[in-house]
1. Tell me the net charge near Asn58. Cut-off is 15 Å between Cβ atoms, Asn58 excluded, with +1 for each Lys or Arg and -1 for each Asp or Glu.
2. Round to a whole angstrom and tell me the spacing of the C-alpha centers of the stretch 36-105 and the stretch 254-290.
3. Report, to the nearest whole %, how much of the accessible area of the chain belongs to carbon and sulfur atoms, 1.4 Å probe, protein only.
4. Rounded to the nearest 5, what % of DSSP beta bridges with both residues in the chain are antiparallel?
5. Can you work out the accessible area per residue across the stretch 192-302, with the rest of the protein chains kept in place, probe 1.4 Å, in square angstrom?
6. Could you give the accessible area per residue of the stretch 90-148, probe 1.4 Å, as a whole number in Å²?
7. Between their Cα atoms, which of Lys218/Lys240; Lys92/Lys144; Lys134/Lys218; Lys144/Lys211; Lys69/Lys136 are more than 27 Å away from each other?
8. Compute the length gained on full extension between Ser57 and Lys87: take 0.36 nm times their separation in residues and subtract their Cα-Cα distance, giving the result in nm to one decimal.
Amino acid sequence: MYWISSGVAAACVFVSLFLVFRPTALQEVTVYTQLGHMGISVCNEQVQLLVGDSAVSNLGGDAKINIDKHSNVALQSADGKKIMLQKAKILKIYVPSGKHFNLELADGTRIVLNADTWFEYPSTFDSQPERRVKIKGEGFFEVKSDTTKPFYVEIPNSESIRVLGTCFNVSAYEDNTENVTTLLSGKIAYHVPENNRTVTLSPNEQIRVDKETNKMEKYEVDAAEYSMWKEGVIYFNNEKLSVLAKKLSRMYGIDIQVSEEHRDSRFSGMIRHERGIDYITKLLTTTSNIECIIENGVIYLK
């Protein structure tokens with residue numbers, strides 16, 4: 001058992017986190033070595049490529065779809081794997097907790113997939129009047145402009161995003177209460193079929209859709225903060241501890257449980273991946289009345 005406790009008042013949280021969570025040099029001990037020493041169980045799944053419902057191959061950190069001069073289609077992985085594909089075949093990628101994955105589609109669109117994410121896409125868009133993909137989880141899209149063939153992203157709750165060429169972030173995890181899309185550049189149209197509403201976003205605007213009520217809210221934000229996860233940084237602003245715990249669980253591939261008493265406690269700041277869970281949990285406990293217990297490979301915040 002690993003135990004951390006603190007009696008510091010929760011009122012210190014907002015100031016302390018912003019002061020302490022600043023970029024620093026990498027620790028000598030790697031994050032995952034540290035987790036092992038702490039007795040925390042880590043997800044060891046690999047990124048998977050599926051054709052239909054059948055797993056075809058494990059993948060490395062990134063991959064690109066190539067089409068040669070003979071129109072042969074292949075997925076080229078960074079680890080040297082070359083997987084031949086049928087044209088317009090529907091493919092799926094699953095990125096487990098603790099992993100990110102970079103993917104370049106046949107049209108040149110680039111996507112970074114966050115942990116615990118499913119992504120579905122065709123091997124090519126050649127025979128289709130539009131470019132349409134699906135995501136469950138989180139992804140950052142840099143869409144290649146093609147005015148003759150619009151790009152659509154379908155997300156849970158039957159919502160969709162229409163775009164010609166732009167950069168934006170989509171957070172659409174099934175276990176979250178809302179879907180959140182943030183635009184960095186260009187323009188997108190966000191559609192919710194349940195209330196037949198379409199909202200257009202400009203750069204540094206964000207749309208939040210409550211998955212239960214379908215209520216849509218648009219905000220002005222610093223869009224770059226919502227894609228910092230690509231660089232191994234979690235940004236959170238007045239975030240409930242229950243939501244922050246989910247983000248940390250996905251980032252590190254671990255299990256974090258929050259007691260009912262502290263689920264709605266709120267925190268603000270930025271966390272760099274390399275700081276490690278030991279640093280993060282100590283900071284949480286020394287800036288609030290939360291206790292951290294590690295037992296049977298699981299972190300409990302009580």
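1. Values: positive: Lys81, Lys82, Lys92, Lys99; negative: Glu45, Asp62, Asp79.
Around Asn58, the surrounding residues sum to +1.
2. 32
3. 47
4. Working: 84 of 94 bridges.
Of those bridges, close to 90 percent are antiparallel.
5. Values: 5040 Å² over 111 residues.
Heavy-atom SASA per residue in the stretch 192-302 reads 45 Å².
6. Ligands and nucleic acids excluded, the result is 38 Å² per residue.
7. Over 27 Å Cα-Cα: Lys144/Lys211; Lys69/Lys136.
8. Gain on extension, Ser57 to Lys87, equals 9.0 nm.
The values are calculated or read from the model by the stated rules, or taken from the named source; none is laboratory data. Quick caveat, the model's predicted, so the values are computed rather than measured. For neighbour counting, all protein chains shown are included, and Cβ atoms are generated from backbone atoms with ideal geometry for every residue, glycine included. For accessibility, only protein heavy atoms count, side chains too; no ligands or nucleic acids. Shrake-Rupley method; radii C 1.70, N 1.55, O 1.52, S 1.80 Å.
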